[in-house]
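Here's the structure, in structure tokens; my notes come after.
The values are calculated or read from the model by the stated rules, or taken from the named source; none is laboratory data. All of these numbers come straight from a predicted model, not from anything done at the bench. Positions of Cβ are backbone-derived with ideal geometry, glycine not excepted, and every protein chain shown enters the neighbour counts.
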Amino acid sequence: MAPRALRWTSSGHRTSPPPSPTRSMPPPPVRQRTRCRSSAHPAARGSSCSTGRGPRSERTSPQKSPRPRRLPSTSPPSLCPGQKWLPATAPGMPSRPRLSSTPDVTPPRLVVVGLGPGGPDLTNDLTRTALAATPHRFLRTSQHPSAVVAGDATSFDDLYERSDSFDDVYKAIAARLVAEAHDHGHVVYAVPGSPLVLERSVRLVLDDTTVDVELLPAMSFLDVAYARLRIDPVEAGLRLVDGHTFAVSAAGQTGPLLVAHTHANWVLSDIKLAFEDEVPTSAILLHHLGLPDEQILEVPWADIDRAVEADHLTSLFVPELTAPVGAALMRFHQLARTLREQCPWDREQTHRSLVKYLIEETYETVDAIEALDEDDPGTDEDLIEELGDLLYQIEFHATIAEQQGRFTMADVAQGVHDKLVRRHPHVFGDVRADDTETVLANWDAIKRAEKGRTSVFDGVPRSLPALSYAAKVQSKASGVGFDWPDVEGALPKIAEELDEVQQARRDGTADDVREELGDLLFAVVNVARHLKVDAESALRAATQKFRTRFEGVERLATARSIDLRATGDDEASRAEHLTALDALWDEVKRTPPLP
């Protein structure tokens, strides 16, 4: 990964070079599986119901000032014979010229118009004229007050009822529109509000280079909201966020926020519950703006999901937040940076010097998990503490990398998010997986393709604990059919390997004994795997059981003034000592364990 320019000032704040004078288009949103849970289609002003990862800001070397990039020219480029210049027609269109290599052939035309944010009186003449120019008219949804302007246009309401996710809806709409444009040569697509505000289906047709897409400007719900709230969004620093992803989209923000896609009361409930402790005082519900039953209600935060019957013409304005969304994580991140700057020990650490602490905290977390008691919530406290210590190790590594300008905690989170989406096609895609075995097989296949791996053992860490390493290697071999069909085939190998240990002990060298003992342990792990028992956990539990019982022996010995270390100087004394310990051991075994 190429280093990104990123540094801290003496006060601990990150600085980066000034942005390029040219604004870059954001990439298409990352797919979000959000089911259509309401028959009233969400945010009929424009509802993508998917979130996008914003463009990662350009970072150049902090030692050099960034060179301004040349703004894209709006004049036609030099064309080859037979090519025609097809300019972008509106903001958001591809910045590169679109060329038609076929002379005198007009590409299919798709005109996208906006119906405005409210009733027909807010629909402009451009939209009306475009709708009247062709009989091939389509509506994203008829569930909008201005839908009557489109006359007998075909709506896509049925897709909302038949699809599993909004992302599927908008992909299907885009595919249908492109096909209709090719069939008829000229079609019009009408969307609520403005074509360029929260319209995922429009973004998808813009990506298709086989049709000439024209966007006509229209009023969006934002214009009416700003007027009713009497705010200048730029001066106020307003942030527009998606109600379906509020906890993520609003992370770190303190307001003001305008929340769209609040088309149902369950969405408002999720927003309300994004805060645990320091909740906002109040918020303003914007309901049916521009319609006769318009409502602008300032309500206590606890009532935002009860004050109105939310629908596709509802949005939420949050003037300010008492604390940022995700405030605890933000404070934690800032603490890690402060310690890295101001604590001498923290400043000296490197990725490698922290490895031993990462391993230590991992094992302590395992101990806390194994000590959990489902009937005793008090045991959760140890796990909370150990998970926090482990999380700090991860944050520490990310903080070191951030200070070096290499990557940030956000990159770590985004990376694992994207990986999990890719490796769960049965959740976020069209792959079917009805059992765990299929899920794991798909996971391994995707992982091999991503990493370009050829061996079944590629990616298995050699530094795993030995029992876990053995089980992992056996599982990988089993995945390609190299395995006993069941445990009955694996069990005799234990006796076979035990005989070989005995033979090596009698006739072999120390290295022979070591090798045969390893084979014996490997055979035991194989039996455990066939029985679906984790050998590492089983051995850990057995070791803990032995430790607990022997601690009982120690307590009894202390109570009876028996010196455990007085083993004796001769064989008879040692035998007598062992007999005494065996008696204590048997007594402990008969004693019920302490609660």
Review point. Quick one: in the stretch 408-436, which of the residues that are among the hydrophobic types (A, V, I, L, M, F, W, C) and in contact (Cβ under 8 Å) with a residue 24 or more places away in the chain is surrounded by the fewest Cβ atoms within 10 Å (Cβ to Cβ)?
Key: V427
Practice item. All but one of (1) within 17 Å of H530 (Cα to Cα); (2) outside any loop (DSSP other than H, G, I, E, B) hold for E516, so report the exception by its number. Key: (1)
Study note, to complete from the structure: When (1) surrounded by fewer than 17 Cβ atoms within 10 Å (Cβ to Cβ); (2) acidic (D, E); (3) under 30 Å from R239 (Cα atoms) are applied to D305, the one that fails is (1)
**Study point:** Members of the stretch 210-225 that are under 26 Å from H288 (Cβ atoms) and surrounded by fewer than 16 Cβ atoms within 10 Å (Cβ to Cβ)
**Key:** P217
Practice item. Determine if the stretch 541-555 includes at least one residue that is outside any helix (DSSP H, G or I), at pLDDT below 90 and small (G, A, S). Key: no
Practice item. Filter the stretch 157-173 down to residues that are surrounded by 20 or more Cβ atoms within 10 Å (Cβ to Cβ) and either in contact with a strand residue (DSSP E or B) (Cβ under 6 Å, 6 or more places away or on another chain) or under 17 Å from S142 (Cα atoms) (or both), then give me how many there are. Key: 6
Check your understanding: Just for helices (runs of 4 or more DSSP H) wholly inside the stretch 228-290: which have at least 1 residues that are surrounded by 15 or more Cβ atoms within 10 Å (Cβ to Cβ), at pLDDT below 90 and not β-branched (V, I, T)?
Key -> 246-249, 265-272
Review point. Can you name every residue in the stretch 350-367 that is farther than 28 Å from E402 by Cβ and under 26 Å from the mean Cα position of the chain (by Cα)?
Key: V366
Review point. With V187, V148, V202 as the choices, which residue is out of contact with any Asp or Glu (no Cβ under 8 Å at 6 or more places or on another chain), buried (at least 20 other Cβ atoms within 10 Å of the Cβ) and not in a loop (DSSP other than H, G, I, E, B)?
Key: V202
**Study point:** Condition met for R352 (charged (D, E, K, R) and part of a helix (DSSP H, G or I))
**Key:** no
